[in-house]
Amino acid sequence: MITVSTTIQNKTAVQVWDYFTNPIHVVNWNYAGNDWHCPKAENDLKIGKSFNYTMAAKNGEMSFDFTGIYTEIEPLSKISYVLEDERKIFVTFTETEEGIEVVEKFDPETENAEELQQTGWQMILNNFKKYIESN
């Protein structure tokens, strides 16, 4: 299992949860590098329901849908889901003295090195932190 994390400062748990799950916000942070973007996000945040985020290169050469089905939701605290390839993802939101800590743990896929996967997911989480803290 791979772990990435960040701490969001000066925002409430409600704000962090909303920015992390609301498609209006997801399209503004869900990409790893400046040459990528998230042109479409759909989310039905209920157990047994799904999300679908389109991640695409800005030059139009590549895109893919990141899709999962929710298996556990504890509002403001925890989200678990399973991807199409059956990998499991666990996200926790914890209030700390420094702010709201967001931790993502996920099963690695087999096409890319684990270090590359960890770097990519951390970059996305860093974009989330930058986006929410600047709004």
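The values are calculated or read from the model by the stated rules, or taken from the named source; none is laboratory data. Because the structure is predicted, anything quoted here is derived from the model rather than measured. All Cβ positions, even for glycine, are placed from backbone atoms using ideal geometry, and neighbour counts span all protein chains on display. Only protein heavy atoms, including side chains, enter the accessible area calculation; ligands, DNA and RNA are left aside. Shrake-Rupley method; radii C 1.70, N 1.55, O 1.52, S 1.80 Å.
Residues that are among the small types (Gly, Ala, Ser) and either part of a loop (DSSP other than H, G, I, E, B) or at pLDDT below 95 (or both) are absent from the range 7-29 altogether. Does at least one position in the range 39-49 carry a residue that is in a helix (DSSP H, G or I) and either within 15 Å of the chain's Cα centre (by Cα) or of a type in the set (D, E, K, R) (or both)? Among the residues of the range 39-49, not one is in a helix (DSSP H, G or I) and either within 15 Å of the chain's Cα centre (by Cα) or of a type in the set (D, E, K, R) (or both), which makes the answer no. Here MET1 clears all of (1) within 17 Å of TRP121 (Cβ to Cβ); (2) open to solvent by 80 Å² or more (accessible area, probe 1.4 Å); (3) free of Cβ contacts under 8 Å to residues at least 60 places away in the same chain except the condition numbered (3). Per the conditions (1) under 15 Å from LEU125 (Cβ atoms); (2) over 16 Å from the mean Cα position of the chain (by Cα), the sole criterion not satisfied by ASP35 is (1).
Does VAL26 qualify as being open to solvent by less than 70 Å² (accessible area, probe 1.4 Å), over 21 Å from LEU116 (Cα atoms) and either in contact (Cβ under 8 Å) with a residue 60 or more places away in the chain or in contact with a helix residue (DSSP H, G or I) (Cβ under 9 Å, 6 or more places away or on another chain) (or both)? Full working, then the answer.
Values: open to solvent by less than 70 Å² (accessible area, probe 1.4 Å): yes; over 21 Å from LEU116 (Cα atoms): yes; either in contact (Cβ under 8 Å) with a residue 60 or more places away in the chain or in contact with a helix residue (DSSP H, G or I) (Cβ under 9 Å, 6 or more places away or on another chain) (or both): yes.
Criteria met by VAL26.
Can you confirm whether LYS40 is closer than 17 Å to VAL91 by Cβ and either in contact with a Phe, Trp or Tyr (Cβ under 9 Å, 6 or more places away or on another chain) or open to solvent by 50 Å² or more (accessible area, probe 1.4 Å) (or both)? Break it down into steps so the answer makes sense when it comes.
Details: closer than 17 Å to VAL91 by Cβ: no; either in contact with a Phe, Trp or Tyr (Cβ under 9 Å, 6 or more places away or on another chain) or open to solvent by 50 Å² or more (accessible area, probe 1.4 Å) (or both): yes.
Answer is no for this residue.
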